[in-house]
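Novice: My questions will all concern the structure given below.
Only the coordinates and a few stated rules stand behind these numbers; no lab work does. Every value quoted in this text rests on a predicted model; they were computed, and no experiment measured them. Cβ placement follows ideal geometry from the backbone for every residue including glycine, while neighbour counts extend to all protein chains displayed.
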Amino acid sequence: MPRPVLYVLLAIGLLFTVAGIGMVAAGAKDGWLVAVFFSFCTAVFVWQLWPQWLEAPPALTVEEMLARYPGPVELRMNTRKIVFLLVGLLVFGGCSLWLLLTAPLGWVAAVALWIGLAFIALGIPVLAITLLRGSWLRLEAGRFVVSQGWRRWSVPWQAATGFAASRIPPSMTELVVFDDATRAGGALAGINAGITGRNGALPDNYGLPHAALADLMTAWRERAVAAKTPGHSPDHRDA
């Protein structure tokens, strides 16, 4: 999302947070709901504007990681970020449930909130397990391995192409996307390709700017593919 838009949303979030606190002080019934909801929205906008307060950078630079080819090199999702996302689901889920139980909603709003609650209910255990087991990306000579929650999968470097940072509509969330030849033709891969232009994506940026992570994946793949080419000796210094 463009920074000017985030600044506007941050200002709106702060305004409604202050209004919610004022409602609580005045004894309004749902003042706490307004204050809690918009406080967390404000925190999300702060995170988007200044991600470094929540996402610590890796111990190694991209150049240092490339110098360690063929690895393995492991990048991990920051625990603070996982906790923040889990708290966010609990906040939004709690606010949605409160509205469903207490507010006179029309059927369209009620259906939308129940659908949202269903996704939140699915997301909470995923993030809870991710918090316990961690989330990481490991770069190896022949493949990269992704682990998140109870899922773990790998992709051979020869099958992965087109790493790029991309913003996903409608929220314009940024992800590192790529084409995975091992998933070509699948229904989910087709949906992903229709949305992002690629059929695969990394679940996190692991403390790196998305463009830097895409560059790292591209450069590591070039070394891995070159190492498989008969008679070719890759120069690891051209990071």
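Novice: What is the distance in Å between the Cα centres of segment 71-111 and segment 116-131?
Specialist: Using only Cα atoms, the two centres lie 8 Å from each other.
Novice: Given a Förster radius of 41 Å and the C-beta distance between VAL8 and ALA211 as r, what FRET efficiency does 1/(1 + (r/R0)^6) yield to the nearest 0.05?
Specialist: E(calc), rounded to 0.05, equals 0.95.
Novice: Still on this structure, please answer the following. Sorting LEU49, LEU99 on the 10 Å Cβ count, fewest up front, what's the list?
Specialist: Arranged by neighbour count, lowest to highest, LEU49, LEU99 become LEU49, LEU99.
Novice: Out of residues 5 or more away from ALA201 or on other chains, whose amide H comes under 5 Å of its own, with H placed 1.01 Å from N in the peptide plane?
Specialist: Sorted by chain and number, the residues that satisfy this are PHE178.
Novice: Compute the FRET efficiency between THR173 and ILE21 as 1/(1 + (r/R0)^6), taking r as their Cβ-Cβ distance and R0 = 25 Å, and round to the nearest 0.05.
Specialist: Once the sixth-power term is evaluated, E becomes 0.30.
Novice: Now for a different question. In whole Hz, what ³J(HN,Hα) sequence does segment 82-91 give by Karplus (6.51, -1.76, 1.60; θ = phi - 60°), x for Gly and Pro?
Specialist: 4, 4, 4, 5, 5, 4, x, 4, 5, 5
Novice: Same structure again: Please turn the phi angles of segment 97-108 into ³J(HN,Hα) values with the Karplus equation 6.51 cos²θ - 1.76 cosθ + 1.60 (θ = phi - 60°), one per residue in order, whole Hz, x for glycine and proline.
Specialist: So the Karplus estimates, Gly and Pro as x, are 5, 4, 5, 5, 8, 10, 9, x, 9, x, 5, 5 Hz.
Novice: Hey, another quick one. Kindly list the residues of segment 10-36 that lie in the label zone of VAL46, defined by a backbone N under 17 Å from the point 7 Å along the Cα-to-C-beta vector.
Specialist: 10-21, 35-36
Novice: Residue separation times 0.36 nm, minus the C-alpha to C-alpha distance between VAL145 and LEU122: what's the value?
Specialist: That pair, VAL145 and LEU122, stretches by 5.9 nm at full extension.
Novice: Let me ask something additional. For a quick check: sort VAL146, VAL83 by the number of other beta carbons within 10 angstrom, fewest at the front.
Specialist: In order of increasing Cβ crowding within 10 Å: VAL83, VAL146.
Novice: Using only the alpha-carbon atoms, what does the chain span along each of its principal axes? Please give whole angstrom values in decreasing order.
Specialist: On the principal axes, the chain reaches 77, 36, 34 Å in Cα extent.
Novice: Starting from the amide H of ARG143, placed 1.01 Å from N in the peptide plane, find each other amide H under 5 Å away whose residue is 5 or more places distant or on another chain.
Specialist: Result for ARG143 returns TRP157.
Novice: On to the next question. Please work out the FRET efficiency for the pair ARG80 and ALA227, using the Cβ-Cβ distance as r and a Förster radius of 22 Å; give the result to the nearest 0.05.
Specialist: So the FRET efficiency works out to roughly 0.05.
Novice: Then there is this: What is the percent of Cα-Cα separations in segment 1-49 that go past 11 Å?
Specialist: Looking at segment 1-49, the distances longer than 11 Å represent 60 percent of pairs.
Novice: Classify segment 78-133 as rounded, prolate or oblate from the Cα gyration tensor: take a ≥ b ≥ c as the square roots of its eigenvalues, call it rounded if a/c is under 1.5, otherwise prolate when a/b beats b/c and oblate if not.
Specialist: Cα axes put segment 78-133 in the prolate bin.
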